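Taking it in order: structure first as structure tokens, then the write-up.
The values are calculated or read from the model by the stated rules, or taken from the named source; none is laboratory data. Since the structure is predicted, the reported quantities are computational estimates derived from the model, not experimental observations. Here the Cβ is made from the backbone with ideal geometry for all residues, glycine too, and neighbour counts use every protein chain on show.
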Amino acid sequence: MLYREAGQFKTSYAADQAIFPIVQDRWFVFALLLFAFLVVPFIADEYWLQAVIIPFLVFSMAAIGLNLLTGYAGQLSLGTGAFMAVGAYATYKLITAFPDLNVIVAFLIAGVIAAGVGFVFGVPSLRIKGFYLAVATLAAQFFLSWIFNKVPWFYNYSPSGTITMPPRTIFGVMVTGPEATAEVRYLVALTLVAVLALAAKNIVRGRIGRSWMAIRDMDIAAEIIGFRPMHTKLAAFAVSSFYCGVAGAMMLALWLGSAETEAFDINVSFQVLFMVIIGGLGSILGSFLGAAFITLVPVFLTNAPQLFGIAMATDTQKHLEVMIFGGLIVYILIVEPHGFARLWQIAKEKLRIWPFPH
Amino acid sequence: MELLNAVFIAPFVDMWEFPAFFVEVVITGLLTGVMYSLVALGFVLIFKASGVFNFAQGAMVLFAALTLVGLIEKGVPIWLALILTMVVMIALAFAVERLMLRPLVNQDHIILFMATIGLTFFLEGFGETLWGSNVKRLDIGIPNASFEIHGVLLHQFDLFAAATGAVLVAGLAIFFHKTPVGRALRAVADDHQAAMSVGISLKTIWIIVWSVAGIVAMVAGIMWGAKSGVQFSLSLIALKALPVLILGGFTSVPGAIVGGLIIGVGEKVAEIYWGPLVGGAIENWFAYMLALAFLLFRPQGLFGERIIERV
């Protein structure tokens, strides 16, 4: 009843091309954003923000980045963790070298640096495809984390080898460092994610996004009708790495506070890939849904035994968690190989014709 | 100038002046390469017959080794434990085919790939829940004495591993080329639809390749486990096998062997002669870089089938 688009006539091209052409969708997104900005900081406690919501935002950003590359441009990458590391280390170097630099600007520059690195590691994609490419991007993963470990310049010669975000303020409010409150960090992360997600949505609707999809669907045909594979693929790598770089910067500055290269290891790459695939390839909304799922499930699994009053040894529980997580992923892939985004679409269709079945 | 010397001249001078040491390094590399090949073989078998990039191969190695060690610790004699582990791996193949591959038939490759990563997590968790996560010693009674031939130090264990690898590869070659099942496997690898149309059952074939891959994983697990203890890091050698795969080509059994040997030697030589220049530990990424550089010239790998694309 509520979800009807009957009577909503488009009278201009602008209205027809709007991101959310249906009024209800528009209101829903506005309401969600308002809720996230105005209500969540007051109702969520420190634990929820730090352990669930901020990681969710960080990983949403990374998942959007990977989704642009894998879901839209069709280039399989297992190097997400490394590009996030580039973002994190670049932020750290920028912030410590230029203490007056605004943190947000530092994030964005770090993203650009990550984009440059992604560009370089995207070059093999011009020659190789599919799983060969995936394995080739693993080179980025191992090489970059080795470099960040071996060259002391990257961690400012600190004896422990960790990078720690110094405290910085924006408009007089502490946003990074140990004294920044979780609420402030949450709001900064939320703003970045909201703005960049909007940008991503617009990129994929436009000329660049369409050329990516053409390359994804059949690269030879796309080349024949005039898309340049080199420009398109490298642009995909650069933009995707930009998002991953910003995600890495957020991970360091707004979530962890201090990190080593282990925080960006191959498991992170796999996690982000899971988010993209379980959420739905080629869908910005799917990136959020996948990120929510993959960050929430481990939290749930860790707390589940206490909820149900089952006592077990911590290491057994850890192993069971891994096992259930793996099984769950296979199960979801079997039930809905196109991810949560597809489920959402089906739900919308059903809502439209409700109460009739067809 | 000094840098150029250190990179381009000094290592070769070293090799020339101490040939015995160089040969030793190469042989160590070759033997490590055999171990990589053993893992890579499992990947190739499954990829050839079902087009699935089975990331869980490393977890299967770990799982098989854990099962074997667990059984031996329970007091089961080694030969019986070997047979039981084999039975477990075949049962695993049945379960994977029934519960994972069949519902996912005809899905994108990437979906199947993700499913095998899910399987990886599952097997790692399952194996460690069953048998615990402590490092276990696997003693299968191979003496590890070392001896010298012309000043080159060799380990008996490594030779044994190489021999096992050779036997395994020969066995697989015979299996693939001489038996009816092997012929059916090759037919499926060539063309799924054509194979089905002449009455080859895909399901059976999948169960067979996953079983064979499971047994190969068991052999690899025994070798690695006897060398470095059975522990969680065993599942990480899958990552080492990946560059071997792209170097040799995903679809070629000889490619897996030659690729493994090249990577093994390249890695060891680079680590010993060039590693110290950049602070060592280059073993982690050198294989990938080597494979990557190689791919730029031959995108289908050393022995992979030529990639022909049509619109």
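When residues in region A:196-218 are screened for being farther than 20 Å from A:Cys244 by Cα and either touching a strand residue (DSSP E or B) at 6+ places or on another chain (Cβ under 8 Å) or free of Cβ contacts under 8 Å to residues at least 12 places away in the same chain (or both), 4 of them pass.
Annotation for region B:37-44: no member residue is out of contact with any Phe, Trp or Tyr (no Cβ under 6 Å at 6 or more places or on another chain), touching a residue at least 40 places away in the same chain (Cβ under 8 Å), over 30 Å from B:Ile200 (Cα atoms) and in a helix (DSSP H, G or I). Counted as qualifying within region B:197-311 are the helices (runs of 4 or more DSSP H) with 3 or more residues that are away from chain A (no Cβ under 13 Å), namely B:202-228, B:253-269. Listed conditions (1) more than 17 Å from the chain's Cα centre (by Cα); (2) of a type in the set (Ser, Thr, Tyr); (3) not in a helix (DSSP H, G or I) are all met by A:Ser125, apart from (3).
The conditions of being touching a residue at least 60 places away in the same chain (Cβ under 8 Å) and basic (Lys, Arg) are met by B:Arg102.
Region A:1-78 holds no helices (runs of 4 or more DSSP H) entirely within its bounds that carry 2 or more residues that are free of Cβ contacts under 8 Å to residues at least 24 places away in the same chain, of a type in the set (D, E, K, R) and touching a Gly at 6+ places or on another chain (Cβ under 6 Å). Could you look through region B:67-109, keep only residues that are crowded, with 16+ Cβ neighbours inside 10 Å and over 21 Å from B:Ile207 (Cα atoms), and pick out the one that is nearest to the other protein chains (Cβ to nearest Cβ)? Once the filter is applied, the top-ranked residue is B:Gly70.
Checked against the criterion of being surrounded by fewer than 21 Cβ atoms within 10 Å (Cβ to Cβ) and more than 27 Å from A:Asp217 (Cα to Cα), region A:267-286 has at least one qualifying residue.
If you check B:Thr129 against the conditions, is it crowded, with 21+ Cβ neighbours inside 10 Å and either of a type outside the set (Lys, Arg) or touching a strand residue (DSSP E or B) at 6+ places or on another chain (Cβ under 6 Å) (or both)? Considered against the rule, which asks whether it is crowded, with 21+ Cβ neighbours inside 10 Å and either of a type outside the set (Lys, Arg) or touching a strand residue (DSSP E or B) at 6+ places or on another chain (Cβ under 6 Å) (or both), B:Thr129 comes out as no.
Residues of region A:216-252 that are in contact with a helix residue (DSSP H, G or I) (Cβ under 9 Å, 6 or more places away or on another chain) and not in a helix (DSSP H, G or I): A:Ile225, A:Phe227, A:Arg228. Would you mind stating whether B:Ala256 is in contact with a Pro (Cβ under 9 Å, 6 or more places away or on another chain) and either acidic (Asp, Glu) or buried (at least 24 other Cβ atoms within 10 Å of the Cβ) (or both)? Against the criterion (in contact with a Pro (Cβ under 9 Å, 6 or more places away or on another chain) and either acidic (Asp, Glu) or buried (at least 24 other Cβ atoms within 10 Å of the Cβ) (or both)), B:Ala256 does not qualify.
The selection criterion, being within 22 Å of B:Tyr288 (Cβ to Cβ), within 14 Å of chain B (Cβ to nearest Cβ) and under 13 Å from the mean Cα position of the chain (by Cα), does not hold for A:Leu78.
For every residue, the table says whether it meets (1) assigned to a loop (DSSP other than H, G, I, E, B); (2) modelled with pLDDT of 90 or more.
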position	(1), (2)
A:Ser269	no, yes
A:Val272	no, yes
A:Ile277	no, no
A:Gly290	no, yes
A:Val297	no, no
A:Thr302	no, no
A:Pro305	no, no
A:Gly309	yes, no
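Within region A:309-327, no residue that is without any contact (Cβ under 8 Å) to a residue 60 or more places away in the chain and facing chain B (nearest Cβ under 9 Å) sits with its Cβ atom under 8 Å from a residue that is part of a loop (DSSP other than H, G, I, E, B) and among the β-branched types (Val, Ile, Thr) at 6+ positions apart or across chains.
Among the residues in region A:314-326, are any exposed (fewer than 10 other Cβ atoms within 10 Å of the Cβ) and farther than 21 Å from A:Leu289 by Cα? Yes, some residue in region A:314-326 is exposed (fewer than 10 other Cβ atoms within 10 Å of the Cβ) and farther than 21 Å from A:Leu289 by Cα.
For region B:110-129, which positions are more than 7 Å from chain A (Cβ to nearest Cβ) and more than 19 Å from the chain's Cα centre (by Cα)? The answer is B:Leu112, B:Gly127.
With respect to B:Leu30, is the statement that it is more than 14 Å from every other protein chain (Cβ to nearest Cβ) and either under 29 Å from B:Lys268 (Cα atoms) or part of a helix (DSSP H, G or I) (or both) true? Against the criterion (more than 14 Å from every other protein chain (Cβ to nearest Cβ) and either under 29 Å from B:Lys268 (Cα atoms) or part of a helix (DSSP H, G or I) (or both)), B:Leu30 qualifies.
Please verify whether region A:225-235 includes one or more residues that are within 13 Å of chain B (Cβ to nearest Cβ) and either surrounded by 24 or more Cβ atoms within 10 Å (Cβ to Cβ) or more than 13 Å from the chain's Cα centre (by Cα) (or both).
The answer is yes; a qualifying residue exists.
Is one or more of the residues making up region A:207-215 surrounded by 21 or more Cβ atoms within 10 Å (Cβ to Cβ), within 21 Å of the chain's Cα centre (by Cα) and either at pLDDT 85 or above or not in a loop (DSSP other than H, G, I, E, B) (or both)? Yes, region A:207-215 contains at least one residue that is surrounded by 21 or more Cβ atoms within 10 Å (Cβ to Cβ), within 21 Å of the chain's Cα centre (by Cα) and either at pLDDT 85 or above or not in a loop (DSSP other than H, G, I, E, B) (or both).
Exactly one residue among B:Val230, B:Val188 is buried (at least 20 other Cβ atoms within 10 Å of the Cβ) and touching a strand residue (DSSP E or B) at 6+ places or on another chain (Cβ under 9 Å), and that residue is B:Val230. The number of residues in region A:96-137 being at pLDDT below 90, more than 11 Å from every other protein chain (Cβ to nearest Cβ) and crowded, with 24+ Cβ neighbours inside 10 Å comes to 1. When B:Ile140 is tested against the conditions (1) within 21 Å of the chain's Cα centre (by Cα); (2) modelled with pLDDT of 75 or more, the lone failure is (2).
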